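The values are calculated or read from the model by the stated rules, or taken from the named source; none is laboratory data. None of the values given here were measured: they were computed from a predicted structure. No Cβ is skipped: glycine too gets one built from the backbone with ideal geometry, and neighbour counts run over all protein chains shown. Accessible surface areas use protein heavy atoms only, side chains included; no ligands, DNA or RNA. Shrake-Rupley method; radii C 1.70, N 1.55, O 1.52, S 1.80 Å.
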Amino acid sequence: MKKIKYTAKIKRYNPETKESYWQDFEVEVEDSLTVLELLMHIKDKIDASLTFRAFCRSAICGSCAMIINGRAGLACKIQAKDKIKNGVIKIEPLHHLPVVKDLVVDQEPAFEKFKKVKPYLVPDPKVVPDNNKVESLVLPEEFARYDKQTDCILCMACYGQCNALEGDEKYLGPFQLTKVFRFIMDTRDGMDVEERIKLAEDHGIWECVQCQMCLAACPKGVKPGDDILELRRIAKDIGEENIATRRAKFWFATVFETGQIDKWHLPEVAFGDEKGKAVTKKLEEEFRSRGMKEDEFGPKPFPGIEKFRNFIKKLEKEL
Amino acid sequence: MKKIGIYPGCCFQGADIHNYDITTDFLNRMGVEGILLDRAACCGGGVIDETNKKIVYGLNARNIALAEEKGVDLYTPCNTCYMIIAKTKLALDSDPGLKEKINEILAEEGLEYKGTAKIYHTLNLIRDFIGMDTYKSKIQRKFEGVKVAPYYGCHVLTPNEVALDDPENPTVLQEILKPLGVEVVEGYQNEQTCCGYHARFTDPEQKERLAVKPLEGAKEAGADVVATPCPLCHKAMDGYEEPILQVTQLINVACGATPKDAFWDLNKTEVKISFS
Ligand code: SF4
Ligand code: SF4
Ligand code: FES
């Protein structure tokens, strides 16, 4: 087995002194180590006080999520040698959660938010039999609608790197919202969709900035950012009226009409009030002062737009 | 002369129409002929998904097919357009069934998605299409001593499968900035925090809270200006204390344009840097 030398740069936190600092560990180890095995090596051979959380060592218990070279992931799933950049691998605890010690974070605040969205099945008496002698059937095509979402192992890698939490610490979080989608899609669930959506809206779906970090972070290929778009679609389809749903409807309508979003009137329509009108008006003034003419303001349908509209209709129907 | 298909997204219209001039001027100065894909449609912007996510694949298969029809690769300066179009390409190239279905519908417009066109964004266009040597050879003047903080924005580095550089240690933007004679300010606070653009019309306050964060970090690190490749990041982050420009606005001036020709004057926060 080949041995390699590199530096593990680890963010430490000492709860007794409340000191937070980076510490370099020079290692010479087999090149086949996972990041978790690297941490175990350091604890074993160099510094027994180094603290991290792990259990299954096989990417299933969800205990060992941390940030490695600025990207969240599972320490037990990631090969250390792939992460050495200029001789260094950087390891720090997940963001947005209080650090208990070194790489261990307190998951409780995220679980509190998880509980808020009622992450469990409320059996629909019309679908779920009232006794346990009869099976509650779910067809494969029904399960397929939320199959991927059930792979979530609650490791919180997505949460530890979510940009919406950077802007609002009360933001529900990616995996919490994926769970809402998962239960809305479940044919056995009896909770009103309206109620589930309400839960997802409180510091939730509208605050997501679609940065895609949760997709990059998830070790199981769950895509919370995509599920959030689906939740927004559902909110719109059950008749929710707000700035975001007005924007989504207008967006689709103008793309259908012209091929492009009419950014010109978007503020007016989305805000739907005097404030929005003022934004559009201000744009208009700015434009005129730049010597632009009215017909340069919004998008114009391109030649052959009819065919494009048919194309969209067909996509909606056939895809 | 090398040719590239210019994909017109929403960053080329409305109040942002000047971005088209910035883009064509940039291509001219690099000696690349830009061919406008004039029947191209919105990439979906992550918003059409809220109506019907399947449409997004079709829209972008069509956008790519328009480039292929003209025998060119597709170039967009926008991070989000890049990410969404690149995702579509990955989906179609790995799913023959989906490709076939979409091609059946596309045939009615006389179009076909073949999968031959590459997807470029300003960063990989300079690195892989124009080439770093050619790029450097076009630079006529330098921003000597000016401190510039690179800001990538999200969608050129996430999700991983479309990242155009190593997402853990991206260097392409720094490599593009260095030949401009600037001092690159790296490792500033919140350099990877999202600009919040996409919350502009879902939760405007969330956008405000986020946009200022990387700017404050750059300012604290002593940067004179932030440089981003993305027109949406630029739009979201212009108007605070620290000025921000699109990297093509800097390049164009370094290649001979006046700051006014590069539309620096449209910035809400004035850019005060000198060049020789
Ligand atoms: S896409 Fe939304 S939920 Fe996912 S990390 Fe970004 S802000 Fe958070
Ligand atoms: S969605 Fe993925 S990253 Fe997030 S908690 Fe679940 S398994 Fe972990
Ligand atoms: S130790 Fe269980 S997921 Fe890593």
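Taking all C-alpha pairs of the stretch A:202-287, those more than 21 Å from each other amount to 45 percent. Which log10 I(q)/I(0) values, to two decimals, does the stretch B:135-276 give at q = 0.11, 0.18 Å⁻¹ under the Debye formula with one point per Cα? Each listed q maps to, in turn, -0.38, -1.03. Loop-located trypsin sites (Lys or Arg not before Pro) across the stretch A:1-78 with a Cβ neighbour count of 10 or fewer within 10 Å are A:Lys2, A:Lys18, with loop assigned by DSSP.
I'd like to know how the stretch A:14-156 sits against the 2.2 N^0.38 Å rule of thumb: what's its Cα Rg over that expected value? For the stretch A:14-156, the normalised Cα radius of gyration comes out at 1.39. Charge dipole of the protein assembly as shown (Cα centre as origin; +1 on each Lys and Arg Cβ, -1 on each Asp and Glu Cβ, all else neutral): 720 debye, rounded to the nearest 20. Among the trypsin sites (Lys or Arg not before Pro) found in the stretch A:257-319, those both in a DSSP coil and sparsely packed, with 14 or fewer other Cβ atoms within 10 Å of their Cβ, are A:Arg290, A:Lys293. Along chain A, counting only GluC sites (Glu not before Pro) with a DSSP assignment other than H, G, I, E or B and at most 12 other Cβ atoms inside a 10 Å radius, the longest segment between sites is A:17-134. All alpha carbon pair distances within chain A were sorted into 20 Å bins beginning at 0; the resulting P(r) in whole percents reads 25, 44, 28, 3. Here the stretch A:115-162 yields Rg over Rh of 1.08, to two decimals, using C-alpha coordinates and the Kirkwood radius.
Entry comment: accessible area of the stretch A:243-318 is 53 Å² per residue, from protein heavy atoms only and a probe of 1.4 Å.
Per residue, chain A reaches -11000 deg cm²/dmol at 222 nm when only DSSP H runs of four or more residues are counted, each adding -39500 (n - 2.57).
Summed over both chains, the accessible area lost when A and B associate is about 5600 Å², using a 1.4 Å probe. Over the alpha-carbon set of the stretch A:243-318, divide Rg by the Kirkwood Rh and report the Rg/Rh ratio to two decimals. Ratio of gyration radius to Kirkwood radius: 1.06. The calculated P(r) of the protein assembly as shown, using every Cα pair and 10 Å bins from 0, goes 3, 16, 25, 27, 19, 8, 2, 0, 0 in percent.
Counting only Cα atoms, the size of chain B along its three principal axes is 56, 45, 34 Å, in decreasing order. Only protein atoms count toward the accessible area here, which uses a 1.4 Å probe; on the protein assembly as shown, the carbon and sulfur part of that area reaches 49 percent. Shape analysis of the stretch B:144-208 places it in the oblate category; the axes a ≥ b ≥ c from the Cα gyration tensor give an a/c of at least 1.5, with a/b not above b/c.
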